[in-house]
Amino acid sequence: MEKRSIDVWVGLFVLIGAAALLFLALKAGNLLSLNFAPSYDVTARFDNIGGLKADAPVKSAGVVVGRVAAIRFDNQSFQADVIMALDKRYSFPADTSAKILTSGLLGDQYIGLSPGASDKNLRNGDVIQNTQSAIVLENLIGRFLYDKAAGAGQ
């Protein structure tokens with residue numbers, strides 16, 4: 001009877017350890033974001049989002065103020081609509097600008113918000129008008145090589 005009790009406790013300990021390892025692996029890979037704080041949705045339209053993904057962080061001054069909730073393609077404007085869920089404790093002016101930035105040289109992409117100077121704040125469902133698309137490294141290299149080739153031909 002006592003051996004069975006020890007086996008149950010060891011099994012329970014192993015299950016808790018496996019669950020903890022799974023949780024840490026998902027958090028380290030940025031595949032799990034548990035945020036139960038109230039938020040409001042704001043949309044931004046970009047010509048090119050590069051490798052931006054859902055659940056990417058939204059930062060202002062280096063502080064995570066929200067997450068990318070969803071990404072959709074607009075058939076009328078042929079742009080990407082990025083819906084961001086911003087924490088309610090952070091309010092931004094209505095003329096805030098958004099740009100897609102990269103962590104490091106080849107890191108993950110995120111959205112950076114730069115507050116404006118408007119007296120009115122963004123509300124749920126608002127659209128950020130001033131946006132800057134992602135810088136695609138392949139396009140920069142192609143433009144550089146084309147310029148060099150054009151300069152050598154003259």
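The values are calculated or read from the model by the stated rules, or taken from the named source; none is laboratory data. As the structure is a computational prediction, the values presented were derived from the model and not from experiment. Here the Cβ is made from the backbone with ideal geometry for all residues, glycine too, and neighbour counts use every protein chain on show. Areas reflect the complete protein model, heavy atoms only, side chains present, ligands, DNA and RNA absent. Shrake-Rupley method; radii C 1.70, N 1.55, O 1.52, S 1.80 Å.
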query = To the nearest 0.05, how large is the calculated FRET efficiency for A28 and I71 if R₀ is 25 Å and r is the Cβ-Cβ distance?
reply = 0.60
query = Once you put a point 7 Å from the Cα of V10 and another 7 Å from the Cα of A37, both along the Cβ direction, what distance in nm separates them?
reply = 4.4 nm
task = Go ahead and estimate [θ] at 222 nm for the chain from helices alone: -39,500 (n - 2.57) per DSSP H run with n ≥ 4, summed, over the residue count, rounded to 500.
result = -9500 deg cm²/dmol
query = To the nearest 20 debye, what charge dipole does the chain have about its Cα centre, counting +1 at the Cβ of each Lys and Arg and -1 at the Cβ of each Asp and Glu?
reply = 220 debye
query = What ranking, highest mean first, results for peptides 90-101, 63-74 when packing means the other Cβ atoms within 10 Å averaged over each residue?
reply = 90-101, 63-74
note = Semi-axes a, b, c in Å (a largest) for segment 2-136, each sqrt of 5 times a Cα gyration tensor eigenvalue, come to 39, 17, 13
query = Heavy-atom accessible area per residue, segment 69-133, 1.4 Å probe: how many Å²?
reply = 62 Å²
request  = Relative to the longest principal axis of the C-alpha atoms of the chain, give the angle of the C-alpha long axis of helix 137-152, reported between 0 and 90° and rounded to the nearest 10°.
outcome  = 30 degrees
key: Accessible surface of segment 1-117 [probe 1.4 Å, protein heavy atoms]: carbon and sulfur percent   = 62 percent
